[in-house]
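Structure first, then comments.
The values are calculated or read from the model by the stated rules, or taken from the named source; none is laboratory data. In this text the structure is predicted, and so the values were computed from the model without any measurement. Ideal geometry is used to build each Cβ from the backbone, glycine not excepted, and the neighbour counts take in all protein chains shown. Side chains included, ligands, DNA and RNA excluded: accessible areas come from the protein's heavy atoms. Shrake-Rupley method; radii C 1.70, N 1.55, O 1.52, S 1.80 Å.
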Amino acid sequence: MPDGTRIDYDGLIPNNVGLAGDLRVRKALETWHPGYIDWWKQMGPEGFQNSPVYLRTAVGVGSDNWAKFDFVRMPEYRWGVLLAPAVEGRTIPFGAHKGEPTWQEVPGEYRAMLRRLLVIQGDTEPASVEQQRHLGATAPSLYDLRNLFQVNVEEGRHLWAMVYLLQKYFGRDGREEAGELLKRRSGDRDSPRMLGAFNERTPDWLSFFMFTFFTDRDGKMQLASLAQSGFDPLSRTCRFMLTEEAHHMFVGETGVQRVIQRTVDAMRAAGIDDPYDIKRIRDLGVIDLPTLQKKANLHFSLTLDLFGNEISTNAANAFNAGLKGRYQEDRLNDDHQLAGATYPVLRLKDGMIANEHVPALSGLNMRLRDDYVKDATQGMTRWNRVLAQGNIPFRISLPHVAFNRRIGEFAAIHADTDGNLLDVAEWDARRGSMLPSEDDNRFIESLMRPVRDPGSYAGWIAPPRVGVDNRPGDFEYVKIEH
Ligand code: BYC
């Protein structure tokens, strides 16, 4: 038996799940491996596949010293199957089976539901790599280029995590789903990725930072809910994925923060106090704050769609079944079954947006979304601190949840960023002041020029405070091979 903390690096697939002694699953994964590498080469980062990149690789699954840093060519990255250590005596924390021992095998009656959750989660991981594949060409520094690739290889590993669960616990169905995960393509008309936000473009680096801040944070919330699962292998898988995920949000949060810092510094140096003096600010070669706000509006609203409908029987069923819990379920103080409980959900009623108390089980998607909004708001206060310190009269804020939605009740209406309902003509007239316009996108694109000298940064973004793994400022994070 594997001891659960040591990673076996001897075989093709690093793992701490005892693959060496599990011939059936090892064979299934080794058969899937070439298709994965083909997908990576075809749909992973464009260019740079032969360049050594200073990447971290997991070498343990505990909370300390779990990763090592070294130069690796991306196709040679050791994508592995890693589960957090088992918690002895763990019981199902919520739902109808609360208090029973956790499952080590899939309970037959929940097979279809569990498979769907794994496939949806799995589908997002390669999708994000596909969305980001063109960004290497315009990276603002080698530091940022390396961070992009770190995020990409780890999303690849997260695909492995879900594929392992499918292959190990779902037999032939699982093998078929694993194959399909390599076939769908982000943005493809005939065979798109499953969730809307993962078919959008990530055309520039500001989008990348916003995506890792907003959309990876949905990943954190969904993984945290699945980490509570009564299906113990899923819980352990997601717990370890969350360790890696934290860095992705760091990349997003500090990325946007550095953009804001650079804009503030440039405005101060030029003696510009008015954040709406857009032409003069853009002439300095930095991104004006109203445009940055519009990008945040876009990425926040796209990400809210990932939480599903306001009222969801799928979510209620997954909770009752003990498969998907609430955020930090184990820290909550209630019956963990939500018998008779209600939850306030913003709904559309008689042409107005108002709170309605619904059965808490049906409102679970919104509860998770509310937790998400709190988490995102905290991250944003650090952006706003930069603005306060620079004495700039502007604050980044989150738009209303009814703004620019395609899933749920608000998909049927138009609302402004404060949640006021708009008719079509008003929406058309004001859209460009709330979402990036073509002109905004063209301006941002004009700034996207690669900077590849070690220690140098594009003029629209400030350098980071510290290097990766405490490396010095001029460290060559990617050794570009031509
Ligand atoms: N797009 O009952 P409802 C990440 C469908 S991100 C298209 O409200 P439910 C990452 C829904 O499938 C985290 N369709 O749905 C981040 C359902 O269809 P069926 C990804 C949608 O199930 C960055 C119907 O509408 N993980 O990891 O309660 C980089 C009724 O809806 C959408 C997960 O999401 C949509 N947005 O909620 C890399 C966790 N929304 O079944 C990675 C797993 C709903 O009736 N997924 N529909 O035909 C889930 O927990 C849930 O399925 C969802 C949806 C939260 C996604």
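Summary table
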read-out: Subset of the range 367-379 that is touching a Leu at 6+ places or on another chain (Cβ under 7 Å) and touching a residue at least 24 places away in the same chain (Cβ under 8 Å) - its residue that is farthest from ALA316 (Cα to Cα); value: ALA376
read-out: Qualifying residue in the range 150-168 (condition: of a type in the set (Lys, Arg) and away from the ligand (no atom under 16 Å from the Cβ)); value: yes
read-out: Members of the range 98-125 that are farther than 14 Å from PHE170 by Cα and outside any helix (DSSP H, G or I); value: LYS98, GLY99, GLU100, PRO101, THR102, TRP103
read-out: Scan of the range 39-58 for residues that are open to solvent by 60 Å² or more (accessible area, probe 1.4 Å) and either more than 17 Å from GLY156 (Cα to Cα) or in contact with a Phe, Trp or Tyr (Cβ under 9 Å, 6 or more places away or on another chain) (or both), ordered by number; value: ASN50
read-out: The range 145-200, residues that are touching a residue at least 40 places away in the same chain (Cβ under 8 Å), not aromatic (Phe, Trp, Tyr) and not in a helix (DSSP H, G or I); value: LEU182, ARG184, ARG185, SER186, GLY187, ARG193, MET194, LEU195, GLU200
read-out: Unique residue being at pLDDT below 95, more than 11 Å from the chain's Cα centre (by Cα), within 22 Å of ASN16 (Cβ to Cβ) and part of a helix (DSSP H, G or I) when the list is THR237, THR243; value: THR243
read-out: Positions within the range 57-79 being in contact with a helix residue (DSSP H, G or I) (Cβ under 8 Å, 6 or more places away or on another chain) and at pLDDT 95 or above, in sequence order; value: PHE69, MET74, PRO75, TYR77, TRP79
read-out: Residue that is nearest to the ligand (Cβ to nearest atom), among those in the range 275-297 that are open to solvent by 20 Å² or more (accessible area, probe 1.4 Å) and outside any helix (DSSP H, G or I); value: GLY285
read-out: Test: PRO359 is more than 21 Å from ALA197 (Cα to Cα), surrounded by fewer than 20 Cβ atoms within 10 Å (Cβ to Cβ) and within 16 Å of the ligand (Cβ to nearest atom); value: yes
read-out: Filter result for LEU142 (more than 18 Å from the chain's Cα centre (by Cα), closer than 30 Å to SER456 by Cα and either of a type in the set (Ser, Thr, Tyr) or more than 13 Å from the ligand (Cβ to nearest atom) (or both)); value: yes
read-out: Listing of helices (runs of 4 or more DSSP H) fully contained in the range 332-447 that carry 3 or more residues being β-branched (Val, Ile, Thr); value: 364-389
read-out: Unique match (being in contact with a Pro (Cβ under 8 Å, 6 or more places away or on another chain) and open to solvent by 10 Å² or more (accessible area, probe 1.4 Å)) among ARG217, ARG236; value: ARG236
read-out: Test: residue in the range 77-97 that is among the aromatic types (Phe, Trp, Tyr) and touching a strand residue (DSSP E or B) at 6+ places or on another chain (Cβ under 9 Å); value: yes
read-out: The lone exception for PHE209 - which of (1) surrounded by 23 or more Cβ atoms within 10 Å (Cβ to Cβ); (2) within 16 Å of the ligand (Cβ to nearest atom); (3) more than 27 Å from ALA296 (Cβ to Cβ) it fails; value: (3)
read-out: Filtered residue count, the range 246-265, keeping only those that are open to solvent by less than 10 Å² (accessible area, probe 1.4 Å) and either closer than 21 Å to GLY60 by Cβ or of a type in the set (Ser, Thr, Tyr) (or both); value: 2
read-out: The lone exception for ALA321 - which of (1) among the hydrophobic types (A, V, I, L, M, F, W, C); (2) open to solvent by 10 Å² or more (accessible area, probe 1.4 Å); (3) within 14 Å of the ligand (Cβ to nearest atom) it fails; value: (2)
read-out: Enumeration of residues in the range 298-311 that are in contact with a Leu (Cβ under 7 Å, 6 or more places away or on another chain) and either farther than 18 Å from LEU223 by Cβ or away from the ligand (no atom under 11 Å from the Cβ) (or both); value: LEU298, PHE300
